[in-house]
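Novice: Take a look at this one; I'll ask things after.
The values are calculated or read from the model by the stated rules, or taken from the named source; none is laboratory data. Here the structure is a predicted model, which means the values were calculated and not measured. Cβ placement follows ideal geometry from the backbone for every residue including glycine, while neighbour counts extend to all protein chains displayed. Calculation scope for accessible area: heavy atoms of the full protein, side chains included, ligands and nucleic acids excluded. Shrake-Rupley method; radii C 1.70, N 1.55, O 1.52, S 1.80 Å.
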Amino acid sequence: MRGKRLVPITNILLPILGSILGSTLSGGGLICSGAEAAAPQTDARQFDNVIRPILAANCLACHSGQKPKGDFRLDQLKPDFDDEATCDRWLMVFDRVSAGEMPPKAKPRPPAKDVARLTDWISGRAEAAAATNPTQGRVVLRRLNRTEYENTVRDLLGVEVDLKDALPLDSSANGFDNVGGALHTSSFLIEKYLDAANIALDQAIANRPRPSSVFRRYVLKNQHPILKAEEKVFRTVGDGVVLFTSSHWDALSISDWWPEERGRYRFRISASTIQSSKPVTFRVWNGNGGMGGAPGHLVGYFDAPIEQAKVFEFVDHVERHTGISILPYGLPNAGEVDKIGADKWPGAGLFVRWVEIEGPLNDVWPPESHRRIFGDLKQVKSMTNYGDRFEVVSPNAHADAERILRNFARRAFRRTVGDDEVRPYLALVDEKLVEKRSFEQAVRCGLLAMMISPDFLFFHETGVLPKVAAAKSGTARSRLALDDFALANRLSYFLWTTMPDEELMSLAEKHELGKPETLRRQVDRMLDDPKAAALSKNFVGQWLALRDIEATEPSEILYPEFDDMLKASMVRETELFFSEILKHDLSVSNFIDSDFSMLNGRLAKLYGIPGVEGWEFRKVPLPANSHRGGVLTMASVLKVTANGTTTSPVLRGAWILDHILGTPPPHPPADVPAIQPDTRGATTIREQLAKHRQLASCAACHRKIDPPGFALESFDVIGGWRENYRTTGLGKEVVVAGRRMPYLKGPKVDSSGELPDGRLFANIDDFKKLLLVDQRQFARALTEKLVTYATGGPPEAGDRAAIEAIVDRVGSKNYGLRSLIHEIVESDLFRTK
């Protein structure tokens, strides 16, 4: 079956898939619904007598006529919230007025009662317009994205296999790649899913004899890199080797090890630090090509103790004909060591005494992945051109196939499955048996069909219409309440990014998961499980755009201190910080400013915080004068909001408005060129932006965008604190630790600014204090991000009351992050379609 195409199955499933997509996605899930909406008609009299006079007194002088400010005409904006575009423009008015940005600070402020009347009228009309048909729901039909698919296949079959690269990239919407409206489907994608399912089943089904597990301790002084080294950078001590350089071409690889079997291997490395009072950190790379950019992955960083050897043990998946490499961090380059010779080199070194490798590790055979499918059915041996082959056989093919398919379907479809649903797959197996396919091959056809079926690839969020919907949020909306299986799936993919485990499935089958006390216990259980690391990785990676950490490479001239360990440390700090706040239910205000962070030695060095050494992360109190605290001043965020050479207040300011405050600025006009910061040092970015704001079409937006960006100007491209810009043209010579730097000291940085409401700040510390004045604004923005990620659909205009209700409840609990997760899961936004 390897490599065969099930064209008949694909031809059958694609029309079914198209039918489901057509009936489910057509016209559904709009922010402001049109003719389908059950909203009441706008009260024309109220608009004419109350709202229009408020607009005339405060807005129309600027936003009317042929050349309105911001190209925004209010005099022609009709009170028709059933029209999506019109609704969106009214909501823009709501946002600007609610934030105090309109009228501008130079204009008189309207009475508070008029502001309340206008905003209440807009929110009420938008909510009424968004009261969609309950059978349609807010979240459109969505499929598993690449990450969810790979994790689901892993837990379904019990195999570790990289499937993301076998699938096309997912699109994103509203900042996340699990939003239903962006997850498109095509015949090409189904073919790719078929390829991925074949790859996964190849690994799950054991057709070979049990591979022998080999244990060996390697003599390091006889390894090829040591024997053939052109430079004198290694010192042999007994059978061990001391490494004095961090040059990647001199990494220690085990040339005697060339695995013929893929699988899980156990590694044990005995290492210590010599000739140093501080531990040497080293990294282990799994894959071909040693330490530089070739296929493979980073196993991790480790801190070698001083003098006394420590055995570092880990288990990792290994592909055939690959290897591992060991490389110290922070030691001199090979050329420096070679001048003196390793035998006389006085500096720190990593002493690797021995390396032990055992594997592949198979506690039972056939492996667990095979047993999950076929149980204890017998295998028979046959001879092939490639050696012995073992294949599953059955004395009662139809009955055994039905049992296998039923059990598999329950887990694959993530719900109970009826006889009618299993019957087509069983008929396919019977058809293959009639064609004289073997029992295993026939069953595999049925499994493949399930793994490319809509029931596996898509979330089927079915439910019932509740008697009283949205009671908790106080809205009058009526949506389908998710059944227990749909709730289990939504919960599991939110917190774990994978399929529900057996406990969730069992509770769903008993119709107990939807009970408030049960649901709360399950959320706590899941958040305490190691699998909850997926929430920190996948939500934080998209919320803060950390997935873009590889998008740019800092200039070696301007930032010679940047390295791979720093890059890995950046992302790890932010993920661990999120996990720490979540674990202890700390206030989400810590994301704005905090008195601690999760640091290792590399980040502490960048941040100028003493007393932290090595790779291991720990919770570190931040000095009062560190200017750190919160995600805005983390190196990860500062790197992804800059390019490899310069920083831009525009990019960083827009990022803060969107990702932190939930008020993204409009896209810039197409005919306005982007500002290119001057790395030569002739002009500063602030001077360039001052000229840019002289353009009338740019001034209004930049008055809002630039100040948050200016607040971060004291941080460079890699997140280091700076008093002056680094330049390549004009500037003064810079010497660090006795070494002349390739960059120059440029103009002084100015991180002061003025917010649109007139409040001033001198630096990032002042700016964070201003943000914390309105904790609710950030809590609301984070709630909307979490709801979008948790449900696969962004909140609609009519959901504003529900969002505010969640923020109210979590506000009474000090805005705790764990409390926020609970409130979201218990809300109707999460529990209804």
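Novice: Anything in segment 91-106 that is of a type outside the set (A, V, I, L, M, F, W, C), modelled with pLDDT under 80 and closer than 16 Å to residue 63 by Cβ? List them, or say none. Break it down stepwise before answering.
Specialist: We begin by selecting, within segment 91-106, every residue of a type outside the set (A, V, I, L, M, F, W, C); these are 95-96, 98, 100-101, 103-105.
Imposing the further condition that a residue be modelled with pLDDT under 80 reduces the set to 95-96, 98, 100-101, 104-105.
Listed by number, the residues that qualify are 95, 96, 101, 104.
Novice: Now, a different point. What about residue 497, is it at pLDDT 95 or above, over 19 Å from residue 455 (Cα atoms) and either open to solvent by less than 30 Å² (accessible area, probe 1.4 Å) or aromatic (Phe, Trp, Tyr) (or both)? Quick ask: steps written out before the conclusion?
Specialist: On the way: at pLDDT 95 or above: yes; over 19 Å from residue 455 (Cα atoms): no; either open to solvent by less than 30 Å² (accessible area, probe 1.4 Å) or aromatic (Phe, Trp, Tyr) (or both): yes.
Here the answer is no, as residue 497 does not meet what is asked.
Novice: Only one of these is at pLDDT below 95, acidic (Asp, Glu), touching a strand residue (DSSP E or B) at 6+ places or on another chain (Cβ under 7 Å) and closer than 30 Å to residue 445 by Cα: 363, 388, 343, 376. Name it.
Specialist: On the way: 363 fails: touching a strand residue (DSSP E or B) at 6+ places or on another chain (Cβ under 7 Å); 343 fails: closer than 30 Å to residue 445 by Cα; 376 fails: touching a strand residue (DSSP E or B) at 6+ places or on another chain (Cβ under 7 Å).
Sole residue among the options that is at pLDDT below 95, acidic (Asp, Glu), touching a strand residue (DSSP E or B) at 6+ places or on another chain (Cβ under 7 Å) and closer than 30 Å to residue 445 by Cα: 388.
Novice: Here is a further query. State which residue is surrounded by the most Cβ atoms within 10 Å (Cβ to Cβ) when the search covers only segment 511-567 and only residues that are in contact (Cβ under 8 Å) with a residue 24 or more places away in the chain, β-branched (Val, Ile, Thr) and assigned to a helix (DSSP H, G or I).
Specialist: 540
Novice: Here's another thing I want to ask about it. Restricting attention to segment 528-543, does a residue exist that is at pLDDT below 95, in contact with a Lys or Arg (Cβ under 7 Å, 6 or more places away or on another chain) and among the small types (Gly, Ala, Ser)? It would help to see each step written out before you state the result.
Specialist: Taking segment 528-543 as the starting set, the residues that turn out to be at pLDDT below 95 are none.
The answer is no, given that none of the residues of segment 528-543 is at pLDDT below 95, in contact with a Lys or Arg (Cβ under 7 Å, 6 or more places away or on another chain) and among the small types (Gly, Ala, Ser).
Novice: Can I ask one more? Find the residue count for segment 305-335, including only residues that are open to solvent by 60 Å² or more (accessible area, probe 1.4 Å), at pLDDT below 95 and either over 19 Å from residue 351 (Cβ atoms) or among the polar types (S, T, N, Q) (or both).
Specialist: Residues meeting the conditions: 4.
Novice: Starting from segment 337-363, take each residue that is on the phi > 0 side of the Ramachandran plot and list its partners that are open to solvent by less than 20 Å² (accessible area, probe 1.4 Å), counting only C-beta distances under 8 angstrom and pairs at least six apart or across chains.
Specialist: Close Cβ pairs (under 8 Å, with a partner that is open to solvent by less than 20 Å² (accessible area, probe 1.4 Å)) amount to 359/259; 359/263; 359/265; 359/318.
Novice: Would you mention how many residues in segment 199-226 are open to solvent by 60 Å² or more (accessible area, probe 1.4 Å) and hydroxyl-bearing (Ser, Thr, Tyr)?
Specialist: Number of matching residues: 2.
Novice: Please work out which residue is most open to solvent (accessible area, probe 1.4 Å), limiting yourself to segment 342-361 and to residues that are within 14 Å of residue 304 (Cβ to Cβ) and outside any loop (DSSP other than H, G, I, E, B). So that I can check it myself, show each step before the final result.
Specialist: So the first thing to find is which residues in segment 342-361 are within 14 Å of residue 304 (Cβ to Cβ), and the list is 348-355.
Of the ones still in play, those that are also outside any loop (DSSP other than H, G, I, E, B) are 349-355.
On the way: 349: 0, 350: 0, 351: 22, 352: 1, 353: 69, 354: 44, 355: 0 Å².
This residue is 353.
Novice: Also: Of everything in segment 455-477 that's more than 25 Å from residue 510 (Cα to Cα) and surrounded by 18 or more Cβ atoms within 10 Å (Cβ to Cβ), which residue is modelled with the highest pLDDT? Steps first, please.
Specialist: Going through segment 455-477, the residues more than 25 Å from residue 510 (Cα to Cα) turn out to be 473-477.
If we keep only those that are surrounded by 18 or more Cβ atoms within 10 Å (Cβ to Cβ) as well, we get 473, 475, 477.
Details: 473: 39, 475: 40, 477: 48.
Here the residue is 477.
Novice: Step by step: first the residues of segment 138-165, then only those that are among the polar types (S, T, N, Q) and in a helix (DSSP H, G or I), then the one that is farthest from residue 448 (Cα to Cα). Which residue is that?
Specialist: For segment 138-165, the residue satisfying everything is 147.
Novice: Determine if segment 291-314 includes at least one residue that is out of contact with any Phe, Trp or Tyr (no Cβ under 7 Å at 6 or more places or on another chain), of a type in the set (Gly, Ala, Ser), in a loop (DSSP other than H, G, I, E, B) and without any contact (Cβ under 8 Å) to a residue 40 or more places away in the chain.
Specialist: Yes: segment 291-314 contains one or more residues that are out of contact with any Phe, Trp or Tyr (no Cβ under 7 Å at 6 or more places or on another chain), of a type in the set (Gly, Ala, Ser), in a loop (DSSP other than H, G, I, E, B) and without any contact (Cβ under 8 Å) to a residue 40 or more places away in the chain.
Novice: What's the total number of residues in segment 380-416 that are touching a residue at least 24 places away in the same chain (Cβ under 8 Å) and of a type outside the set (Lys, Arg)?
Specialist: Residues in segment 380-416 being touching a residue at least 24 places away in the same chain (Cβ under 8 Å) and of a type outside the set (Lys, Arg): 19 in total.
Novice: So which helices (runs of 4 or more DSSP H) stay within segment 733-818 end to end and still have 2 or more residues that are touching a residue at least 24 places away in the same chain (Cβ under 8 Å), among the hydroxyl-bearing types (Ser, Thr, Tyr) and surrounded by 19 or more Cβ atoms within 10 Å (Cβ to Cβ)?
Specialist: 775-791
Novice: In addition: Checking residue 107 against (1) surrounded by 14 or more Cβ atoms within 10 Å (Cβ to Cβ); (2) in contact (Cβ under 8 Å) with a residue 12 or more places away in the chain; (3) of a type in the set (Lys, Arg); (4) farther than 23 Å from residue 795 by Cα, which single condition isn't satisfied?
Specialist: Residue 107 satisfies all of (1) surrounded by 14 or more Cβ atoms within 10 Å (Cβ to Cβ); (2) in contact (Cβ under 8 Å) with a residue 12 or more places away in the chain; (3) of a type in the set (Lys, Arg); (4) farther than 23 Å from residue 795 by Cα except (1).
Novice: Can you spot a residue in segment 413-433 that is under 30 Å from residue 232 (Cα atoms) and open to solvent by less than 20 Å² (accessible area, probe 1.4 Å)? Can you show your working first?
Specialist: Looking only at segment 413-433, we keep the residues that are under 30 Å from residue 232 (Cα atoms), and these are none.
No: zero hits.
Novice: Of all residues in segment 147-198 being open to solvent by 40 Å² or more (accessible area, probe 1.4 Å) and in contact with a Ser or Thr (Cβ under 8 Å, 6 or more places away or on another chain), which is farthest from residue 537 (Cα to Cα)?
Specialist: 187
Novice: Please work out if residue 626 is in contact with a helix residue (DSSP H, G or I) (Cβ under 8 Å, 6 or more places away or on another chain), assigned to a loop (DSSP other than H, G, I, E, B) and of a type in the set (Ser, Thr, Tyr). Outline the logic, then answer.
Specialist: Details: in contact with a helix residue (DSSP H, G or I) (Cβ under 8 Å, 6 or more places away or on another chain): yes; assigned to a loop (DSSP other than H, G, I, E, B): yes; of a type in the set (Ser, Thr, Tyr): yes.
So residue 626 passes the test.
Novice: Looking at segment 434-454 only, could you name the residues that are outside any helix (DSSP H, G or I) and open to solvent by 10 Å² or more (accessible area, probe 1.4 Å)? Let's see the steps before the verdict.
Specialist: Kept after step one, since they are outside any helix (DSSP H, G or I), are these residues of segment 434-454: 435-438, 452-453.
Result: 435, 436, 437, 438.
Novice: Identify all residues within segment 417-433 that are part of a helix (DSSP H, G or I) and either in contact (Cβ under 8 Å) with a residue 60 or more places away in the chain or among the small types (Gly, Ala, Ser) (or both); write none if there are none.
Specialist: 427, 428
Novice: For segment 570-584, give me each residue that is free of Cβ contacts under 8 Å to residues at least 60 places away in the same chain and of a type in the set (D, E, K, R).
Specialist: The answer is 572, 575, 580.
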